[in-house]
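The values are calculated or read from the model by the stated rules, or taken from the named source; none is laboratory data. The shown structure was predicted, so the numbers you read here are calculated from the model rather than taken from an experiment. When we count neighbours, we look across all protein chains shown, and the Cβ atoms used for this are built from the backbone with ideal geometry, even at glycine. Heads up: the accessible areas ignore ligands, DNA and RNA and are worked out on the full protein's heavy atoms, side chains in. Shrake-Rupley method; radii C 1.70, N 1.55, O 1.52, S 1.80 Å.
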Amino acid sequence: MGLPFRHSICNEVYQGWDFDKACRHIRETGYSGIEIAPFTLSEDPVTIPAAERKQYADIIAGEGLLFVGLHWLMVAPKGLHVTTPDADLRDRSWAHIRGLVDLCADMGPNGVMVFGSPLQRGTVGGSTREEATKRYADGLAGVAPHAEERGVRILVEALPANQTNVVGSLAEAVEIVRQVNSPAIQTMFDTHNAVDETDPHQEVIERYFPYIQHIHVNETDGGHCGTGDYDFAPVLATLRRLNYQGWISLEAFDFSPGPERISAESLRYLNSVIEELESA
């Protein structure tokens, strides 16, 4: 019986590598998908020409990978903010998200956009948390029709309080999803960023499973899987039991071990956990 999950990896782990070489190594290591941080492609990703977008898509497909989607959406260009009271800046920031929807769709079908971006969504300019959260939800509602049209899902990522004060739990993320009420606006779960959840992670996943379209895996200290003490078994067992069909995507924050170790050790560790679940 084959292992039940599809594994992908976030490409910023391969900083300094040529894109085609990174894709080749990802596939040779055993992953079937690649998730891309747009800032690794351009200082202004929405301006990437159509021919270059096709070239990236062709490289991904040519190396035997599937395009998963985008994350770290607002690193470049600098200075954007989606909940600021400055209406002009806010409009430009949501125009950037709209442009990333097009980039995502051009790179491959059925892509997701993981919307974390803590520095670009937290309260600024004297706004209250409630005001900023409303602007965030309103902005998502504004781009939802375009995302639907392009076949892209934007995923609201809950982040801990030490990163942002806007959307700090999966419950809050799901409330926004319900409020926007569009198939293009959903949520996801990240093992690293769920540290403020008060219930066991597997219970949180089960409670909100219909809204969870993507999974990020990493240790709570930002290291790659298997280097810390996070217990992945209950989360993976719950996803397996609920017949999760999305990606399990590695997003490491500590790049110091190098992409070869990060990619291989993480996948080997996760598969060992999954194999134990399969044989139980």
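Is it the case that segment 134-155 has a residue that's under 23 Å from ARG53 (Cβ atoms), among the basic types (Lys, Arg), open to solvent by 40 Å² or more (accessible area, probe 1.4 Å) and part of a loop (DSSP other than H, G, I, E, B)? Looking through segment 134-155, none of the residues is under 23 Å from ARG53 (Cβ atoms), among the basic types (Lys, Arg), open to solvent by 40 Å² or more (accessible area, probe 1.4 Å) and part of a loop (DSSP other than H, G, I, E, B). Within segment 160-180, which residues are within 20 Å of PRO200 (Cα to Cα), open to solvent by 30 Å² or more (accessible area, probe 1.4 Å) and assigned to a loop (DSSP other than H, G, I, E, B)? Listed by number, the residues that qualify are ALA161, ASN162.
The residues of segment 211-237 that are assigned to a helix (DSSP H, G or I) and within 26 Å of SER182 (Cα to Cα) amount to a single one, TYR211. Restricting the search to helices (runs of 4 or more DSSP H) fully inside segment 18-130 and requiring at least 1 residues that are touching a Phe, Trp or Tyr at 6+ places or on another chain (Cβ under 8 Å), touching a residue at least 12 places away in the same chain (Cβ under 8 Å) and open to solvent by 20 Å² or more (accessible area, probe 1.4 Å) gives 19-29, 50-62. Of everything in segment 1-17 that is over 17 Å from MET113 (Cα atoms) and not aromatic (Phe, Trp, Tyr), the residue that is least open to solvent (accessible area, probe 1.4 Å) is VAL13.
Being in contact with a Pro (Cβ under 9 Å, 6 or more places away or on another chain) and not β-branched (Val, Ile, Thr) is true for just one of GLN202, GLN213. Which residue is that?
One residue alone meets the criteria, GLN202.
The residues on offer are GLU265, GLU278, GLU206, and the sole one that is farther than 20 Å from ALA158 by Cβ, open to solvent by 50 Å² or more (accessible area, probe 1.4 Å) and out of contact with any Lys or Arg (no Cβ under 6 Å at 6 or more places or on another chain) is GLU265. Using the structure shown, decide if GLU260 is more than 26 Å from ALA141 (Cα to Cα), at pLDDT 95 or above and open to solvent by 10 Å² or more (accessible area, probe 1.4 Å). Considered against the rule, which asks whether it is more than 26 Å from ALA141 (Cα to Cα), at pLDDT 95 or above and open to solvent by 10 Å² or more (accessible area, probe 1.4 Å), GLU260 comes out as yes. Across segment 181-192, the qualifying residues are those that are open to solvent by less than 10 Å² (accessible area, probe 1.4 Å) and farther than 14 Å from PRO210 by Cα, and the one among them that is nearest to the chain's Cα centre (by Cα) is ASP190.
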